[in-house]
Amino acid sequence: MTETASPAFLDVRKAAKAFGATTVLDGVDLAVARGEFVSLLGPSGCGKTTLLRIVAGLLSSDSGAVVLDGVDISAKPPHHRDVGVVFQSYALFPHLTVAENVAFGLEARGAPKDEIRATVTRFLDLIHMSALADRSVRALSGGQQQRVAVARALAVKPKLMLLDEPFSALDRKLRETMQIELKRLLREVGTTAIFVTHDQDEALMMSDRIAVMNRGRIEQLADPATIYKRPATPFALEFVGLSTRLTGTVVEASGEGEVLIDTTHGRIRAPGRFVAGSPVLAAVRPELMAFGETAGENTIRATLSDVVFQGSRIQAHFEAPEDRPIQIESVAGIPGGAVPGAEMALSWRVADTLLYPAPAP
Amino acid sequence: MSAAAASLAPTGGQKDRVAWLAVPAVGYLAIVYALPLVFLLARSVTGPEGFTLSLFVQFFSDPYSWRVIWNTLRIGLLTTLVCLVIGFPVAIAMARAKGLMQVALLVAIILPLSIGVVVKAFAWQIVLRRDGVVSQFLVGTGIWSEPQRLLFTETGLVLGAANVFLPFMILPIYSVVKLIDPRLSEAGATLGASPLYRFRRIFLPLTLPGLVSGIAFVFSMSVSMFVIPSLLIGDRFQMLATLTGRSFLLMRNEALGSTTAVVLLVLAVSIVVASSWLAKRLGGTQ
Ligand SMILES: Nc1ncnc2c1ncn2[C@@H]1O[C@H](COP(=O)(O)OP(=O)(O)OP(=O)(O)O)[C@@H](O)[C@H]1O
Ligand SMILES: [Mg+2]
């Protein structure tokens, strides 16, 4: 999916919502292409559920518009929107069986009986639950309930599927199975989906694009590789993946879009345009760092504090404030068997350095 | 809920021991309630020559008896209907109300229960008189052309009884509605179901156990009420309970009194049994 070429299938424009004095959504723009799988990734309370509820019509926004497939649906009630929702709590109908739950939407829309029967059979088959068709949903495990919730929402072939942390109640193993099954299901039905999670691995693994949300705004919307390699803001950098982060002051800006920075751990260079004297945050992903000095690139010195063995690689932590950690990941291991307390040189390429204006403390 | 409670309940011997906690209540009921009932039942089937059903034959062959039974059922049904129509929306509003509002509504429903039935019935006497507020209001708004008396009419009786029994309709419905996850209706909406369809297919089935117990409470109480009809409609209109009372207290006719009492008892017991069976069946799917 390209980012701008096709006109958006779902277009959320300047959606804003406040509960009393607290602003929960601060003018969110979100464009999703047809067939795309977009994750909303962000910390608890940043407004993910609120945004989904506004798109589904379960909550009205204070201002802004929701356009789906070229039609402004902002004023439509949820049952006229054709937007399916999988709730975090599943919200299965407790008085109905598995098959009746899946059939509910089609029956509400007055679909013909044999079509309903065929669709229910097909979806129960897709979620591998044909054998449990007549079981009450109260007698299902968490993973089974989750699958029924997905099948129930998909059975009416909604234009758009919204999934609000559907896997958060599942254990790790089941979660991984479900992630693969969900992707397969959505692909087979060909549905556009927005998926809420605060699990970054889940988002990186499943999404075509990821929207990183913070305090009621989308800070970055990009494909997983860009989100990881080029986080747009310090928040996105900190929220996704690990990083070494150094604060400092720009001492000199060169002509080639590169600046020289004085940090707490030495002088480094980074690509970027800042005037001399600007406070900045420089960062680098730990797997892009190496032990020892590299001529012509960035080198700092730090005191080793801890080494964590992680199977295929090791992670070394150095003495630094908690909000500005220094850490390196290496497949090769610690050179010369250095022990905590040893001072070591660490280097990385200037081009790999990420640079931001220093966030307000 | 019942499934979870059952699975968490202690098993085997311990459960049996817990049952002993009910002994005082059972003993008390046996002495003050079951024993007199047995005497009553015995009295209704004893004649000069021992066991006989002649009292019942006599009772059921009298057209007046049938009129009393029909009076009882009609007033019971009407009272239940009024309570249902007024109580159902109130119960929903109460369950969906938040914080202080909910507390205030609950207090407003429960507090009147602490006022005796006699007091309430006397109050209704005043309200339903020819110069009472209802009459004045209806004349004032032009609905009635001249003042009328509602006291000593069936309408007045049903209104008064419904007022007294309303909490027993509201509370069971309220407690069931409160447990319904509001997400269920939202889920229905996102599946394309209209508000009416959601009410019919989601809300109503889940509320049914509460409706059944509310209806059973109010119906069984209103077919067996004694004080309210005595004060609001008088002697000309007899229901099974008032006839029973009159037979014992005024006419000193124990034979008739015990017969009507047993008929009423059978009626009330079958309502309770039928409704708890129904509630269990419906509740089993919730
Ligand atoms: N009905 C409401 N009334 C008042 N505040 C609300 C309401 N709903 C949500 N909020 C507040 O809005 C903020 C965003 O809530 P939201 O549920 O959208 O967060 P979220 O990103 O989904 O978080 P989580 O990951 O914990 O589910 C929270 O601070 C929450 O307290
Ligand atoms: Mg949420």
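None of the figures in this text is laboratory data; all of them are computed from the coordinates on show. What you are looking at is a predicted structure, and each value in this text was computed from that prediction instead of being measured. Cβ sites come from the backbone with ideal geometry, for glycine too, and all protein chains shown count toward neighbours.
Annotations
- When the P(r) is computed for the stretch A:1-116, the part past 25 Å accounts for 34% of the Cα-Cα pairs.
- For the pair the stretch A:329-361 / the stretch B:33-56, the C-alpha centres are spaced 98 Å from each other.
- Contact order for chain B, expressed relative to its length and based on alpha carbon pairs under 8 Å spaced 6+ residues apart, stands at 23 percent.
- Placing +1 on the Cβ of every Lys and Arg and -1 on the Cβ of every Asp and Glu, with no other charges, gives the protein assembly as shown a dipole of roughly 2420 debye about its Cα centre.
- The ranking of A:THR299, A:THR22, A:THR226, A:THR353 from fewest to most other beta carbons within 10 Å of each one's beta carbon is A:THR22, A:THR226, A:THR299, A:THR353.
- Cα-based Rg / Dmax (Å) for chain B: 22.8, 73
- All C-alpha to C-alpha distances of the stretch A:242-357, sorted into 5 Å bins beginning at zero, yield P(r) values of 2, 12, 23, 24, 18, 11, 6, 3, 0 percent in whole numbers.
- Full extension of the chain between A:LYS76 and A:GLU256 yields a length gain of 59.5 nm, computed as 0.36 nm times the residue separation minus the alpha carbon distance.
- Once each of the trypsin sites (Lys or Arg not before Pro) sitting in a DSSP loop with at most 10 other beta-carbon atoms within 10 Å is removed, chain B keeps B:99-235 as its longest stretch.
- The length gained by stretching the chain between B:SER114 and B:VAL18 to full extension, at 0.36 nm per residue less their Cα-Cα distance, is 31.4 nm.
- Centre separation in Å (Cα based) which lies between the stretch A:195-234 and the stretch B:174-219: 39 Å
- log₁₀ of I(q)/I(0) at q = 0.22 Å⁻¹ - the stretch A:301-361, Debye sum with one point per alpha carbon: -0.99
- Scattering curve values for chain A, log₁₀ I(q)/I(0), Debye with Cα scatterers, q = 0.09, 0.12 Å⁻¹: -0.63, -0.94
- Listed by chain and number, the aspartates and glutamates whose C-alpha is less than 12 Å from the C-alpha of A:LYS157, apart from same-chain residues fewer than 8 away, are A:ASP82, A:GLU188.
- In loop segments of the stretch B:90-152 as defined by DSSP, there are no chymotrypsin sites (Phe, Trp or Tyr not before Pro) with at most 11 further C-beta atoms inside 10 Å of their C-beta.
- The stretch B:46-90: equivalent-ellipsoid semi-axes (sqrt of 5 x gyration tensor eigenvalues, Cα, Å): 37, 12, 5
- Per residue, the convex hull spanned by the alpha carbons of the protein assembly as shown comes to 270 Å³.
- Taking the stretch A:242-357 and dividing mean pair separation by its residue count, relative contact order in percent (alpha carbons under 8 Å, at least six apart): 31 percent
- Exposure proxy order (Cβ contacts within 10 Å, fewest to most) of B:MET169, A:MET213: A:MET213, B:MET169
- Computed over the stretch A:103-147, the Cα gyration tensor eigenvalues convert (square root of 5λ each) into semi-axes of 21, 12, 9 Å, ordered from largest to smallest.
- Estimated from helices alone, the mean residue ellipticity of chain B at 222 nm is -23000 deg cm²/dmol (sum of -39500 (n - 2.57) over DSSP H runs with n ≥ 4, per residue).
- Note on the stretch B:166-286: Kirkwood radius taken over Cα pairs, Stokes-Einstein applied at 25 °C and 0.890 mPa s, translational D equal to 145 µm² s⁻¹.
- When each of B:ILE126, A:ILE334 is scored by the number of other beta-carbon atoms lying within 10 Å, the sequence from fewest to most is B:ILE126, A:ILE334.
- For the stretch B:250-277 versus the stretch A:84-160, the spacing of their alpha-carbon centroids is 49 Å.
- Filtered GluC sites (Glu not before Pro), the stretch A:256-361: DSSP coil and at most 11 other beta carbons within 10 Å: A:GLU256, A:GLU322
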